[in-house]
Structures are given as C-alpha cells and as structure tokens.
1. Write out the GluC sites (Glu not before Pro) in segment 45-110 meeting two conditions: DSSP loop, and at most 11 other Cβ atoms within 10 Å of their Cβ.
2. In straight Cα distance, which lysines are under 20 Å from LYS141, not counting same-chain residues fewer than 8 positions off?
3. Give the Rg (one decimal place) followed by the Dmax (whole number) of segment 45-136, computed from C-alpha coordinates and expressed in Å.
4. If you line up the Cα atoms of segment 1-84 on their principal axes, what length do they span on each, largest first, in Å?
5. Hand me the GluC sites (Glu not before Pro) from segment 190-243 located in a DSSP loop with no more than 12 other Cβ atoms within 10 Å, in residue order please.
6. Step through the residues of segment 186-194 one at a time and calculate ³J(HN,Hα) from phi using the Karplus curve (6.51 cos²θ - 1.76 cosθ + 1.60, θ = phi - 60°), rounding each to whole Hz and writing x for Gly and Pro.
7. Between segment 45-86 and segment 152-225, how far is it from one alpha carbon centroid to the other, in angstrom?
8. If you wrap segment 2-236's Cα atoms in a convex hull and average its projection over all directions, what's the area in nm²?
Amino acid sequence: MQIHERIHIVGSGISGFGISNETDCTVYLIDGAGEYALIDAGAGIQPERILKNIEKTGIDRMKISSIFLTHGHGDHSGGAAALSHACQAKVCALRETAEYVSTGNLEALSIREAIRAGMYAKDYAFDACPVLPLEDGEKIKVGDLCLKVLRTEGHCSGHACYEMKFDKKKILFSGDAVFNYGKISLQAIWDCDLQKYIRTCRVLEQIRPDILLPSHGAFLMEKGYTYIEKAMEEIRRLRIPES
C-alpha cells in the first residue's frame with residue numbers, strides 16, 4: 001500500500017488498515033532509493049503477512065537494512081525477531097527500548113499486563129532479539145534519506161519518533177505519541193507519564209510536520225501539524241487530550 005513516493009504501508013491491524021494481523025501496529029517501509037528500512041515490526045503473530053506485503057511492493061526484502069522501533073510494546077516490537085531474521089536487517093531503538101527488547105523483559109514491556117487485559121491471546125509469545133541503542137538527536141542514513149531520532153516519552157519509557165525530510169517537507173513517524181484529531185495514548189502501566197507526554201507534545205508542536213504518520217489510525221499527508229495543534233489546544237487549557 002503505497003502512500004507516498006518514498007513510503008509504503010506493509011503492516012496494519014484492526015486499529016489501522018487491516019492488511020496484516022489484527023494486533024499489528026502500522027508498519028511503514030521507507031524507500032531510500034536502493035536501501036530500505038521499516039518503522040516498527042508488528043506483533044510477530046503472523047510476520048509472513050508483512051513479508052508478503054513487502055513482496056507486493058516489488059522491493060527485495062534483503063535490501064531492508066534496518067528496523068527502527070518507536071517503542072517496545074508487543075504490537076510494535078514483537079515481530080522484530082522474525083522480520084530481522086527474514087531480511088537480515090539490524091534492529092534499532094532508543095536505549096531503554098533496546099534493553100527491554102534485547103532481554104525480553106516482559107515486565108518492562110508491559111506485555112503480561114496486556115495479555116491480562118485481553119490485548120493479546122493468553123498464549124502470546126514475545127521473541128527477544130538484539131537491538132542496537134540509539135540516542136536522542138542521532139541522525140541515521142537510509143540510502144539517500146536521513147532519519148532523526150527524537151526522544152518522545154510519555155506513552156512509555158524509551159519511546160521515539162522519527163523525523164524524515166523529503167522534497168522540502170517534514171515527515172514524522174509519530175509512533176504512539178499522537179494520533180488523528182489530536183488524540184494521545186495514556187495507559188495504566190508503570191512507565192506512562194503525563195508530564196513527559198505534555199513535554200513531548202510541545203516538542204512535536206515545534207517540529208510542525210507536514211506529514212504525520214502515526215502507528216494506529218488515520219494519517220495526514222498535508223498539514224500534519226494540525227493533529228498536534230489539537231492536542232496542544234487542550235493542554236493549553238490545562239486539559240488532557242482525548243486518549
């Protein structure tokens with residue numbers, strides 16, 4: 001599913017576009033003109049569906065060099081082991097997420113809580129895999145493109161957004177930081193932090209992306225900053241944006 005000259009959607013579950021397992025977040029494939037990367041990896045329940053969608057793009061999966069995780073929750077990182085093996089790609093994330101996913105720390109990833117909440121089946125198994133740590137502000141080349149890592153916590157520890165510029169436009173892969181119509185994602189888990197979330201929204205407001213690509217739900221190909229502005233309108237009124 002191509003949405004931009006340089007971006008395909010190759011995975012997306014029930015909270016998105018229904019082209020892979022229902023538990024998957026939206027998985028983006030970015031095209032660096034000969035070198036490719038994935039943003040997030042889905043839940044890992046049916047990784048073959050994501051691989052099939054990559055095949056449909058006509059892109060050789062062995063040219064995918066990297067998988068960048070926005071954070072470690074199961075619907076984003078559970079497929080990292082399978083996809084990195086299938087593509088021979090390295091997996092990268094902010095250092096906290098890198099540690100949690102590398103060690104398979106189910107408590108830090110809140111996966112046991114998610115299973116108890118019915119978000120995953122009782123037999124859901126999380127496969128750990130090596131993850132290279134990234135730093136806030138780091139810039140990474142993917143072919144002729146460049147991704148900038150942004151620490152954007154609040155939803156959870158080690159959450160990152162990735163900023164990419166192309167054709168004089170700012171593109172933001174916002175993970176679970178901000179969604180359509182200014183929604184955010186507060187959850188009753190150990191590392192969800194409202195004050196960090198507010199700081200994240202302020203950071204994203206300053207970036208003012210032209211294209212906003214969240215990990216769930218609708219995206220904006222023009223005036224992407226309007227969703228962030230909606231969240232900030234609530235925050236400036238001392239209210240919490242809709243979750």
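Nothing in this text is a laboratory measurement; each read-out follows from the coordinates by a stated rule. This is a predicted model, so every value here is computed, not measured. Backbone-built Cβ (ideal geometry, glycine too); neighbour counts: all protein chains shown.
1. Working: sites: GLU48, GLU55, GLU96, GLU99, GLU107; in loops: GLU107.
Of the GluC sites (Glu not before Pro), the ones in loops of segment 45-110 whose Cβ has at most 11 other Cβ atoms within 10 Å are GLU107.
2. LYS63, LYS90, LYS165, LYS168, LYS169, LYS170
3. 13.5, 39
4. Cα spread of segment 1-84 along its principal axes, largest to smallest: 30, 22, 20 Å.
5. Working: sites: GLU205, GLU222, GLU229, GLU233, GLU234, GLU242; in loops: GLU222, GLU242.
Within segment 190-243, the qualifying GluC sites (Glu not before Pro) (loop, at most 12 other Cβ atoms within 10 Å) are GLU222.
6. 8, 9, 7, 10, 4, 10, 7, 9, 4
7. If you average the Cα positions of each part, the centres end up 21 Å apart.
8. On the way: hull surface 44.1 nm².
Average projection, Cα convex hull of segment 2-236: 11.0 nm².
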